[in-house]
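K.L.:
My structure is below; once you've seen it, I'll send some questions.
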Amino acid sequence: MTDGTLADVLRACGWTPIELDLGGVTTKPAFMDRVALALGLPDWFGRNWDALADCLADLSWAPPARGRLLVITGWQEYALAAPHDWGIAQEVFGEASDRGRGTGTELHVVLALGGSSQGTSDQPG
């Protein structure tokens, strides 16, 4: 997510806007690399579904924020290439979002309907 009105408003309210650009991602390893980079996951992140769920359930590793808005762009290619894994990813993000409600450190996840917001040549995966 580039700087703009929504990102500015979120920051002003103590929220952290995060863009997860999945453009060009077609495999689970590339997905995990992209997630780790976008979210700034800790070095101990195991790059599997359980480890992702654990990191999202306990955000003590992340800088303090009132909440986080994760905008996922360019996800369609991954959803088509790896539908089973994409389904698991949606479950993990959905459960993390549900678990954070009312905690003061919420996580909301949005799937952008457009394509990738940037070129993919400078991103892993």
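The values are calculated or read from the model by the stated rules, or taken from the named source; none is laboratory data. In this text the structure is predicted, and so the values were computed from the model without any measurement. We place every Cβ from the backbone using ideal geometry, glycine too, and count neighbours over all the protein chains shown.
K.L.:
Being touching a strand residue (DSSP E or B) at 6+ places or on another chain (Cβ under 9 Å) and of a type in the set (Ser, Thr, Tyr) is the requirement here; does THR16 meet it?
P.N.:
The answer is yes for THR16.
K.L.:
Going by the structure shown, is ARG99 among the basic types (Lys, Arg), out of contact with any Pro (no Cβ under 6 Å at 6 or more places or on another chain) and in contact (Cβ under 8 Å) with a residue 40 or more places away in the chain?
P.N.:
Values: among the basic types (Lys, Arg): yes; out of contact with any Pro (no Cβ under 6 Å at 6 or more places or on another chain): yes; in contact (Cβ under 8 Å) with a residue 40 or more places away in the chain: yes.
For ARG99, the condition - among the basic types (Lys, Arg), out of contact with any Pro (no Cβ under 6 Å at 6 or more places or on another chain) and in contact (Cβ under 8 Å) with a residue 40 or more places away in the chain - is met.
K.L.:
Checking the conditions here, which among LEU59, LEU41, LEU107 is of a type in the set (A, V, I, L, M, F, W, C) and at pLDDT 95 or above?
P.N.:
Working: LEU59 fails: at pLDDT 95 or above; LEU107 fails: at pLDDT 95 or above.
When all the criteria are applied, what remains is LEU41.
K.L.:
Separate question: With the condition kept exactly as written, say whether any residue in the stretch 15-36 is in contact (Cβ under 8 Å) with a residue 12 or more places away in the chain, in contact with an Asp or Glu (Cβ under 6 Å, 6 or more places away or on another chain) and more than 20 Å from VAL92 (Cα to Cα).
P.N.:
Checked the stretch 15-36: no residue is in contact (Cβ under 8 Å) with a residue 12 or more places away in the chain, in contact with an Asp or Glu (Cβ under 6 Å, 6 or more places away or on another chain) and more than 20 Å from VAL92 (Cα to Cα).
K.L.:
Can you pull out the residues in the stretch 92-111 that are among the aliphatic types (A, V, I, L, M) and in contact with a helix residue (DSSP H, G or I) (Cβ under 9 Å, 6 or more places away or on another chain)?
P.N.:
Passing the criteria: VAL92, ALA96, LEU107, VAL109, LEU111.
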